[in-house]
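Okay, structure first, notes after.
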Ligand SMILES: Nc1ncnc2c1ncn2[C@@H]1O[C@H](COP(=O)(O)OP(=O)(O)OP(=O)(O)O)[C@@H](O)[C@H]1O
């Protein structure tokens with residue numbers, strides 16, 4: 001399908017991603033029979049029917065516990081991971097179709113690869129230890145801008161180092177990764193992504209490996225670069241404090257993920273300031289400091305979550321994906337999966353919970369657990 005005028009920069013529509021594990025061991029028996037051993041019979045649904053959009057100069061912050069699908073959503077959005085179902089569009093073009101060679105003459109997969117970049121968590125392993133900063137940063141320029149000569153490349157790198165506070169730039173250009181601090185390494189990784197003038201950068205836990213004191217510096221740098229270049233960000237963090245800071249400063253949205261689903265999405269004030277979904281409330285409760293002055297008792301109260309470990313993504317529960325752990329779950333939650341719909345509270349947030357609909361049969365059905373626990377917020 002061709003693009004239309006009002007297309008967002010990136011859009012995911014009903015996107016699912018399944019990983020089918022390969023059998024661990026194969027044993028050949030007589031008569032060409034192959035016996036397979038090990039795990040890997042059930043596919044893992046890492047993304048389950050996700051719909052979300054990203055505009056120009058936008059910021060989408062993904063939060064949720066490990067394994068909830070944040071990286072898979074980010075990687076699928078920038079074309080690094082193929083979707084199993086649904087469609088992912090960049091600038092109106094279906095990325096998988098472009099990858100297959102459709103729309104040739106209008107757009108090529110290489111254009112999309114340049115426009116949608118990624119920065120990883122660990123800059124130490126993302127940078128080649130045998131290359132100087134100049135050599136590392138020259139690579140993407142050589143690849144995407146072959147017409148630039150040596151002096152042009154050098155000047156672009158020098159200016160970008162200066163802009164990001166890595167000075168004296170001339171001196172830093174000759175350094176190797178081990179001669180840089182963790183924060184400087186991450187800045188170089190960010191510059192490498194920025195140099196090719198992308199429309200979107202996936203920032204996958206980019207501040208998690210840094211000292212707490214450096215995290216705000218690096219987030220502030222990313223926000224300054226967004227102001228300068230108009231880049232859109234998908235910022236992944238399992239840390240609610242970082243997520244809150246980044247989304248707030250970037251005036252972006254926060255999406256909370258659970259078992260491959262977005263369960264709540266909206267502004268920072270809505271989602272983190274005053275969460276609606278029981279899972280978001282628990283996530284916030286669990287991240288409050290153990291300080292009575294700041295909100296949570298020093299001695300932890302009884303956890304409101306009914307099941308500490310999330311369900312097996314290869315065998316997800318029926319109905320609402322959160323119902324087994326939810327302190328507010330009722331029989332209705334076992335049978336039907338809630339859609340992500342506008343909340344019943346005059347905000348722009350979307351929430352996937354029957355409790356948002358005062359007429360839903362949820363309210364007349366029996367609690368699943370012995371008692372409904374309160375979420376102490
Ligand atoms: N390449 C893969 N092959 C098989 N399963 C995968 C693969 N990548 C991710 N998964 C599974 O998909 C689910 C979602 O993983 P994903 O990495 O997207 O979550 P996440 O929220 O980013 O977690 P983390 O913070 O630990 O990276 C998990 O159950 C994970 O084990």
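We did not get these values from a lab; they are worked out from the coordinates using the rules stated. Computed from a predicted model, the values in this text were never measured in an experiment. Please note: Cβ atoms are built from the backbone with ideal geometry, for glycine as well, and neighbour counts cover all protein chains shown.
Given R0 = 45 Å, the distance between the Cβ atoms of residue 372 and residue 227 translates into a calculated FRET efficiency of 0.45. If R0 equals 22 Å, the separation of the Cβ atoms of residue 216 and residue 130 corresponds to a calculated FRET efficiency of about 0.10.
Look at where the Cα atoms of the stretch 55-109 and of the stretch 272-288 average out, and the two centres are 28 Å apart. Projected label points at residue 365 and residue 139, each 7 Å from Cα along the beta carbon direction, are separated by 5.1 nanometres. Give the separation of the Cα centroids, the stretch 303-359 to the stretch 149-193, in Å. So the separation of the two Cα centres works out to 46 Å.
Summarising the strand pairing of the chain, around 65 percent of its internal DSSP beta bridges are antiparallel.
In the calculated pair-distance distribution of the stretch 62-205, the portion above 28 angstrom amounts to 28 percent of the Cα-Cα pairs.
Here the Kirkwood formula puts the hydrodynamic radius of the chain at 22.8 Å, using every distinct Cα pair. For a quick check, take a GNM of the chain with Cα springs below 10 Å and name the residue from 240, 150, 161 with the largest mean-square fluctuation. Top of the fluctuation ranking is 150. Across the alpha-carbon set of the stretch 108-151, the Rg to Rh ratio works out to 1.01, Rh being the Kirkwood radius. Length available on full extension from residue 100 to residue 334: 0.36 nm per residue minus the Cα-Cα distance, which gives 80.3 nm.
For the chain, what is the mean residue ellipticity at 222 nm derived from helices alone (per DSSP H run of n ≥ 4: -39500 (n - 2.57); sum divided by total residues; nearest 500 deg cm²/dmol)?
Values: 12 runs with 112 residues, N = 377.
Calculated at 222 nm, the ellipticity per residue is -8500 deg cm²/dmol.
Applying 1/(1 + (r/R0)^6) with r as the Cβ-Cβ distance of residue 175 and residue 274 and R0 = 51 angstrom yields a FRET efficiency of 0.65.
Before anything else, pin down the relative contact order of the chain: Cα pairs under 8 Å, at least 6 apart, normalised by residue count, whole percent.
That works out to 17 percent.
Above 25 angstrom, tally the Cα pairs of the stretch 278-377 and express them as a % of all pairs, no decimals.
Numbers: 1237 of 4950 pairs.
Every Cα pair in the stretch 278-377 considered, those over 25 Å come to 25 percent.
Each of 280, 136 was scored by other Cβ atoms within 10 Å of its Cβ. Arranged with the fewest first, they read 136, 280.
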